[in-house]
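First the structure, in the form of structure tokens, and then the observations on it.
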Amino acid sequence: MNNKIKLAVAGAVLSAASVANAGIVIPAGDWTLDVNGNVNAFANFTKYDSASTESITGAIAGTEDDTGEDSVQGINTGLLPAWLGFTGTTRQNDVDVSFTISFQPNVSANDTMGDVLTPLNRQAFVTFGDKSWGTVKLGKDLGIFAGQAILNDMTLLGVGGGAAKSGAQTTLGGIGTGYIYPSWKGQISYTTPNMNGFEATIAVTNPDQGVAFSSGGAGTTTNNNAYQGRLGIEAQAMYSWTGDVAGKVWVSGASYDYQASETSTAFTTDGSHTSDAYDIGATITTGNLTLTGYYFDSEGMGSRLLGENAFDEQSGSIKARDVDGGYVQATYVIPTGTKLGLAYGVNNIDKASGELDSNLAKKNDRWTIGAYHPLTKHLNLVAEYNKITSEAHDSTKDAEQDTLSLGAILFF
């Protein structure tokens, strides 16, 4: 049972001509240890262009940086943080057993010392199972709903949205402009054995996503917070095939219950709210051409992160906002081995019933043009141009953000 870092494997899939997914394999008695990960860094040059200096609630495109400048530069990781992972595998009593632990250091920090940011800790899980009956996972790993959306996003090898000055731990890729972030969650999951290309996963996840409400009509964030009142439920079904035209198609979904904290005045009428989402996607490869399409729909799930801008508070009760969107993407590997890509993604945010907030973002969309060149078996040179546009429900307010990114990503 191979449990290398999912994102490293995804990088290999996205750029098969240029990224090897084998780590540093070390036999250790009954165990085989795989040390794997990536290092990446990008110089980002961002230009803001806004019709209004007033910020848009839930916008992905900014109006200016913290110092008031409309042009900024920075060096930072891309959508993937730098990564160091350790996976151990063994087979005992006819059961495949593995563990994975990883951490993610930063390549840049926006302070005089350069070492303020805390490294991320995204994975710590154990799996056990057999190809005849499936696999059980316990611990922290990438969420299931929207997981395939981010794993098939070509900006996983680059930057996407969210690039600006140094100091951020990662950029956004297509998060908020094509899909909702699946997050890294404590979970207990079961995945079926591979049945002629078909696999399904169901999981309960840790109820740790808090949200803040917008006060009705004001367009501001209050201190009213909510928490998940039960374990989350996430599931996915996927079918993959090989051949001259290879690919996969998947559907996934998630369900959470939100309840207000004791100090909040919200939910007094509703008591709680069940938030749901589903998605569908497909990626197909024929020759050097790969096409990907993805769509999601959600209620009370958030516009970018789970729970973010998910609700509006009105007279002591809450109303959920609906968000839908997706992305289309085409990549082609030219004779030099360079993968060229073009993508468009969008998240559409509807007002809650009765909501008056005109500053709320109505749409966040992204155009990406990328080139990913395999300088060596493990090292890719990357150039990306990303145009992010955010439009408010007030049609007079919009913001644009253009970013050129140049850098490299190395997998091992």
Q | Selected residue [β-branched (Val, Ile, Thr) and either closer than 19 Å to Lys47 by Cα or at pLDDT 95 or above (or both)] from Ile409, Ile318 | A | Ile409
Q | Residues within segment 342-361 that are assigned to a strand (DSSP E or B) and in contact with a Leu (Cβ under 9 Å, 6 or more places away or on another chain), tallied | A | 1
Q. What residue, of Lys387, Lys351, is more than 27 Å from Gly287 (Cβ to Cβ) and in contact with a His (Cβ under 9 Å, 6 or more places away or on another chain)?
A. Lys351
Q) Somewhere in segment 375-384, is a residue touching a residue at least 12 places away in the same chain (Cβ under 8 Å), in contact with a Lys or Arg (Cβ under 6 Å, 6 or more places away or on another chain) and farther than 21 Å from Gly178 by Cβ? A) no
Q. Of all residues in segment 351-371, which are among the aliphatic types (A, V, I, L, M), surrounded by 16 or more Cβ atoms within 10 Å (Cβ to Cβ) and without any contact (Cβ under 8 Å) to a residue 40 or more places away in the chain?
A. Ala371
Q) Can you tell me which residues in segment 81-135 are within 30 Å of Asn44 (Cβ to Cβ), charged (D, E, K, R) and assigned to a loop (DSSP other than H, G, I, E, B)? A) Asp111, Asp115
(Q) If I ask for residues that are hydroxyl-bearing (Ser, Thr, Tyr) and within 14 Å of Gly147 (Cα to Cα), which ones from segment 162-188 would you list? (A) Tyr179, Tyr181, Ser183
Q: Could you list all residues from segment 225-263 that are at pLDDT below 95 and either in contact with a helix residue (DSSP H, G or I) (Cβ under 9 Å, 6 or more places away or on another chain) or among the acidic types (Asp, Glu) (or both)?
A: Asp257, Glu262
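The values are calculated or read from the model by the stated rules, or taken from the named source; none is laboratory data. Model, not experiment: these values are computed from the prediction. Neighbour counts are summed over all protein chains in view; Cβ atoms, including those assigned to glycine, are modelled from backbone coordinates with ideal geometry.
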